1. Checking the conditions here, which among A23, A31 is among the hydrophobic types (A, V, I, L, M, F, W, C), at pLDDT 95 or above, assigned to a helix (DSSP H, G or I) and loosely packed, with under 11 Cβ neighbours inside 10 Å?
2. Are any residues in the stretch 21-40 closer than 25 Å to L74 by Cβ and among the β-branched types (V, I, T), and if so, which ones?
3. Please specify each residue of the stretch 46-88 satisfying the condition of being surrounded by 16 or more Cβ atoms within 10 Å (Cβ to Cβ) and among the aliphatic types (A, V, I, L, M).
4. Do any residues in the stretch 41-66 that are farther than 12 Å from L77 by Cβ have Cβ atoms under 9 Å from those of residues that are modelled with pLDDT of 90 or more and among the aromatic types (F, W, Y), where the two are at least six apart or on different chains, and which pairs are they?
5. With the structure loaded, tell me whether L148 is in contact with a strand residue (DSSP E or B) (Cβ under 9 Å, 6 or more places away or on another chain) and either among the acidic types (D, E) or without any contact (Cβ under 8 Å) to a residue 40 or more places away in the chain (or both) or whether it fails that test.
6. What are the pairs with Cβ atoms under 6 angstrom where one residue, in the stretch 79-100, is closer than 18 Å to E46 by Cβ and the other, located anywhere, is assigned to a helix (DSSP H, G or I) and of a type in the set (D, E)? Sequence gap at least six, or different chains.
7. Which one is surrounded by the most Cβ atoms within 10 Å (Cβ to Cβ) among residues in the stretch 134-157 that are of a type outside the set (A, V, I, L, M, F, W, C) and under 14 Å from F101 (Cβ atoms)?
Amino acid sequence: MSPPRKAAPTPPQQISAPISNVASLPPRVAALRAKMLEAAETRDIERLRTPIEWNELPPIFERGTRKGPGFDPLDVLKARSFDGKGVEMLAILQAVMEAPFVKVKRGPFETYVWPAFALVPEKEPDAATRLHMLRCLRFADLTSDPPLLHLVRIGADGTWHTFMPEP
């Protein structure tokens, strides 16, 4: 019997400096971001269904979500939203996607992450940045220490991976 194979070590993660120029995004990432912002601006959660369905699998909106027959990812956002209709989550999504982003490389994989200040915090953010940070979290998450900022992760191929709070 041969010894168990050891898993290959995880390559280190490389995080870019914050990027504000959305023209530098790959076309599929830029198109998804634009569709997400378009939906968020309407404050109608159903408008987010189109960018969700661009994926083969729905993005992850919270840890431990069960998926199966009848699963609707919009129900997760509605349940997480203070108003029960998803408007709060759309406002947070808009704030997150309007912020600068970073490019994260791990081995051959690239992911774009919003907002940049969640992964590359400023030492002394100015008042405008602090206000923008507050727009990226739910009121209910202010009690967490540190507060849980919502992040969006999109693969370089335009696959929407996550929109959820992360410490």
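1. Testing whether each residue is among the hydrophobic types (A, V, I, L, M, F, W, C), at pLDDT 95 or above, assigned to a helix (DSSP H, G or I) and loosely packed, with under 11 Cβ neighbours inside 10 Å leaves just A23.
2. V29
3. The answer is L48, I52, I60, L74, V76, L77, V87.
4. Going by the 9 Å Cβ cut-off, the qualifying pairs are P51/W160; W54/W160; N55/W160.
5. yes
6. Every condition considered, the pairs that remain are S81/E88.
7. Across the stretch 134-157, the extreme among qualifying residues is H150.
The values are calculated or read from the model by the stated rules, or taken from the named source; none is laboratory data. Predicted model only: the values in this text are computed from it and were never measured. Backbone-built Cβ (ideal geometry, glycine too); neighbour counts: all protein chains shown.
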